[in-house]
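Inspection log for the structure reproduced underneath, given as C-alpha cells.
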Amino acid sequence: MKILLIDDEPFALKLLSHQLEQLGFVDVISREHAADAMALLEFGTEAVGLILCDLQMPGMDGVEFIRQLVRIGYVGGLVLVSGEDERILQTAEKLSKAHRLNVFGTLQKPVSPEQLRQVLNKHPLRAAARAARKTYAPEELWRAITGGKLVNYYQPKVDLASGAVTGVETLVRWRHPEDDLVLPDQFIATAEEHGLIDELTRVVLTNALRQARIWQDAGLHLRVAVNVSMDNLGSLEFPDFVARAAAKAGVPPTSLVLEVTESRLMKNPQAVLDILTRLRLKRIGLSIDDFGTGHSSLAQLRDIPFDELKIDRSFVHGASRNSSLRAIFEASLGMARQLGMKTVAEGVEDREDWDFLRAAGCDIAQGYFIAKPMPAADLTGWLAEWEARYGKLVASTT
C-alpha cells in the first residue's frame, strides 16, 4: 500500500517515514506542501491507500486539504496529525467524518511509535471504497411498509451494576428484494419527508409489542424501546393508539419505552408537550435519545417528563481517555441524577468504555461491546453467551 505523508516540517516527515518503515511500511512518499500532494493524488498514476496529513501548514492548510479530498472523491484512509490544541484536532476529525472520509484516527505531535501503531492497527489498511448511498422512491417504501417488508432487529441494554439484561432497543430494517437488509438511515428521512412516518412507526411499534409478549410468555420480561420521530408527535390521538396497541398485545405499558430523538425541531411544541405528557400519564416510558446532539436539549429536559436520558455515543466511546468527552458525559450524568432519570450510555464499543461507565455510576449500557442488533430469534442464544461473558468480566476485575 502506498502511503502519502504531508507536513511542512522536513524533520517531521523523516521521523514519520522512519517509524512507518519500522512497522513494515516501505512504500512511503512525502510532500512538504499540500498543493503538491493534491496534484499527486489528482493526476498521479498510482493510487494512495493512506494519507497522514498535518493540519497546520502554510498555503493550503489541513482543513482546506480535507475539502479537496472530498472534491476528488478520495476513498483511502486518512490520519490527521497536529501539534495544535487537542480540541482543534478533534474538530477536524469530526469534519472529515461528516464528509464521509475514511478517518483512521488522529495523532498528536510529537508522534510516538506506539501511537502510530495503535492508529494503524485499528483499521484495515486498504483503500475502503465507500458504497454509494442508494436512495429509494417513496412509492417503493410505501409498498414495503404495507407489504410486510419491514423487520425489527433488537439491541440489548444491560444493567452496568449487575450485568442483567434489562431491555432492548427496536431497530427497523427493510428486507429489500435486491439490496438485502437496508438500514433505517437510508429510508427514515424519506418517510418523514413524504408523510409515511406515522404508518412506518405504527408497524414497527406493533411488531415490537407482539415480540415483547412472546418474550413475556417465555418468562423474559424486557423493557422494549421503540424510536419515534418528532413527526409522529403531531397527532393528538397517538397516545391512545400506543395504549391500545400495548393492551391488544397484552404488554403492560410500563414495559414500553418511546425513544424521542431531539435532532429535529418541534413543528408544534404545544402539541408535542400535550402528547408526551399524556403518554407518561399512561405509564409509558419516555427516553430522550441522542442527548446533547440536537436542538434545545436543556429546554426539553425542563419541559418534558422524560424518565430516561440516553447519552449519545459521540460522548461515550473514548470518554475515558478524552477530557472533553469525559466532562460532557459526567455533566449529562449528573444532570440526569438530579432530575431522577435513568441514564443509558449508547455506543459502548470496548472494555475501556465498559469499565469507565461502571466507575462513573451510569445505569445502563448499550453498544457493540455488549451485542450488535439481532433478530428476535437470536436473543435467547445470545443471553446464554452474555451470562458467560459477564462472569469473565467480573472475574477479571476482582
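Just checking, how many residues over the range 208-231 are open to solvent by 50 Å² or more (accessible area, probe 1.4 Å) and closer than 25 Å to TRP142 by Cα?
Taking the range 208-231 as the starting set, the residues that turn out to be open to solvent by 50 Å² or more (accessible area, probe 1.4 Å) are 210, 213-214, 217-219, 221, 223, 227.
Next, only the ones that are closer than 25 Å to TRP142 by Cα stay: 210, 227.
So the count comes out to 2.
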Within the bounds of the range 306-327, is there any residue that is charged (D, E, K, R), touching an Asp or Glu at 6+ places or on another chain (Cβ under 6 Å) and farther than 13 Å from VAL260 by Cβ? yes
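What do you reckon, is ALA360 among the small types (Gly, Ala, Ser) and out of contact with any Leu (no Cβ under 8 Å at 6 or more places or on another chain)? First the steps, then the outcome.
Values: among the small types (Gly, Ala, Ser): yes; out of contact with any Leu (no Cβ under 8 Å at 6 or more places or on another chain): no.
When the stated conditions are applied, ALA360 does not pass them.
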Answer from ARG326, ARG337, ARG313 - the residue that is modelled with pLDDT under 95 and closer than 15 Å to LEU160 by Cβ: ARG337
Within the range 128-142, does at least one residue satisfy the condition of being modelled with pLDDT under 95, surrounded by 13 or more Cβ atoms within 10 Å (Cβ to Cβ) and not hydroxyl-bearing (Ser, Thr, Tyr)? yes
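Table: residues versus (1) in a strand (DSSP E or B); (2) without any contact (Cβ under 8 Å) to a residue 24 or more places away in the chain.
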site: SER324; (1), (2): no, no
site: ALA327; (1), (2): no, yes
site: SER332; (1), (2): no, no
site: ALA336; (1), (2): no, no
site: VAL344; (1), (2): yes, no
site: VAL348; (1), (2): no, no
site: GLU352; (1), (2): no, no
site: ALA359; (1), (2): no, yes
site: PHE369; (1), (2): no, yes
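Go over the candidates LEU160, LEU196 one by one and state the one that is in contact with a helix residue (DSSP H, G or I) (Cβ under 7 Å, 6 or more places away or on another chain), within 21 Å of ILE364 (Cβ to Cβ) and surrounded by 13 or more Cβ atoms within 10 Å (Cβ to Cβ). Show your work before the answer.
Numbers: LEU196 fails: within 21 Å of ILE364 (Cβ to Cβ).
Selected residue: LEU160, the only one of LEU160, LEU196 that is in contact with a helix residue (DSSP H, G or I) (Cβ under 7 Å, 6 or more places away or on another chain), within 21 Å of ILE364 (Cβ to Cβ) and surrounded by 13 or more Cβ atoms within 10 Å (Cβ to Cβ).
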Given the criterion without any contact (Cβ under 8 Å) to a residue 60 or more places away in the chain, under 24 Å from GLY318 (Cβ atoms) and open to solvent by 60 Å² or more (accessible area, probe 1.4 Å), identify the matching residue among HIS18, HIS33, HIS99. HIS99
So how many residues does the range 262-278 have that are at pLDDT 90 or above and closer than 26 Å to GLY347 by Cβ? 1
Mind checking whether some residue in the range 41-58 is open to solvent by 50 Å² or more (accessible area, probe 1.4 Å), at positive phi and under 34 Å from the mean Cα position of the chain (by Cα)? no
Does LEU379 fit the bill of being open to solvent by less than 10 Å² (accessible area, probe 1.4 Å), touching a Leu at 6+ places or on another chain (Cβ under 6 Å) and at negative phi? no
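The values are calculated or read from the model by the stated rules, or taken from the named source; none is laboratory data. Just so it is clear, the model here is predicted, and its values are computed rather than measured. A quick note on method: Cβ atoms are made from the backbone with ideal geometry, for glycine too, and the neighbour counts reach across all protein chains shown. Just the protein is used for accessible areas: all its heavy atoms, side chains included, with ligands, DNA and RNA removed. Shrake-Rupley method; radii C 1.70, N 1.55, O 1.52, S 1.80 Å.
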